[in-house]
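To start, the structure under review is shown below, and the notes come after it.
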Amino acid sequence: MMIADQTIHILLVDDHPLVRDGLRARLETVPHFFICGEVGTSADALKVAAEQPVDLILMDINLGHSNGISLTSRFTQDYPDIAIIMLSMHEKAEYVAQSVQAGARGYVLKDAPAEDIINAIETVRGGGTYFSSGLTATSKDNNTGEILTQREKRILESIATGKSNKSIAQELGLSVRTVETHRLNIKRKLNIEGQADLIRYAIRSVTDAEALKL
């Protein structure tokens, strides 16, 4: 989702100066992106957030003596209005799941095209979530349900029972458009193409979950 005529204040958190330089060069080509800071430690990231407006953070997982997942959890608690996108070289589903659980709303691979990073920023700042397409191959054979948010899991359960977007929206107190966005995000995360495949996956997931309770 594009955000027109609204500056997005972005903080770069990565312990490699060359990586930060490259990100800054790519992102500064977008008129409404403003790099409000670039730091390499957790302490410095928290300091910037305390001193000036930050809308979104591009967060690396490895930060020397600390890690971006723990820092994401801290930001989620102390600065809930700041959106966080993990920008990492790690493709494993466990890292994606841990990042989401910590509060990250996106996960983009460092070797992704600049367009993907820009799209991720626009999407997350617009209220959605974004995950690199390159994650699907490594996530396919893992427990990919772990990378879904609680809201997405709830919607998946409703899909399994055959409910329409309108019915799900009424049940959860959401707009139909929000439910549609969640469905798209679920398909992207789970590497699912069509609606029929999504329904089959939803039914199988619910069936498996019920079997575990027996």
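The values are calculated or read from the model by the stated rules, or taken from the named source; none is laboratory data. Being a predicted model, the structure only gives us computed values, none of them experimental. With ideal geometry, Cβ positions are generated from the backbone for all residues, glycine too; neighbour counts draw on all protein chains shown.
State yes or no: is Asp116 at pLDDT 80 or above and outside any helix (DSSP H, G or I)? Break it down into steps so the answer makes sense when it comes.
Values: at pLDDT 80 or above: yes; outside any helix (DSSP H, G or I): no.
The answer is no for Asp116.
The lone criterion from (1) under 15 Å from the mean Cα position of the chain (by Cα); (2) at pLDDT 90 or above left unmet by Glu91 is number (2). Identify, by number, the condition in (1) over 26 Å from Thr181 (Cα atoms); (2) part of a helix (DSSP H, G or I); (3) in contact (Cβ under 8 Å) with a residue 24 or more places away in the chain; (4) among the charged types (D, E, K, R) that Lys47 doesn't meet. Of the numbered conditions (1) over 26 Å from Thr181 (Cα atoms); (2) part of a helix (DSSP H, G or I); (3) in contact (Cβ under 8 Å) with a residue 24 or more places away in the chain; (4) among the charged types (D, E, K, R), the odd one out for Lys47 is (3). Within the range 172-192, if we keep just the residues that are of a type outside the set (A, V, I, L, M) and under 22 Å from Ala97 (Cβ atoms), the residue that is modelled with the lowest pLDDT turns out to be Asn191. Residue pairs whose Cβ atoms lie under 8 Å apart, sitting 6 or more positions apart in sequence or on different chains, and linking a residue in the range 14-33 that is without any contact (Cβ under 8 Å) to a residue 40 or more places away in the chain to a partner that is assigned to a helix (DSSP H, G or I), do not occur here.
Going through (1) of a type in the set (Ser, Thr, Tyr); (2) closer than 22 Å to Gln195 by Cβ; (3) at pLDDT 85 or above one by one, Tyr107 falls short only on (2).
Within the range 54-78, the set of residues being surrounded by fewer than 15 Cβ atoms within 10 Å (Cβ to Cβ) and either in a helix (DSSP H, G or I) or modelled with pLDDT of 95 or more (or both) comprises Ser70, Gln77, Asp78. Inside the range 91-113, residues that are closer than 24 Å to Lys153 by Cα and not in a strand (DSSP E or B) make up a count of 15.
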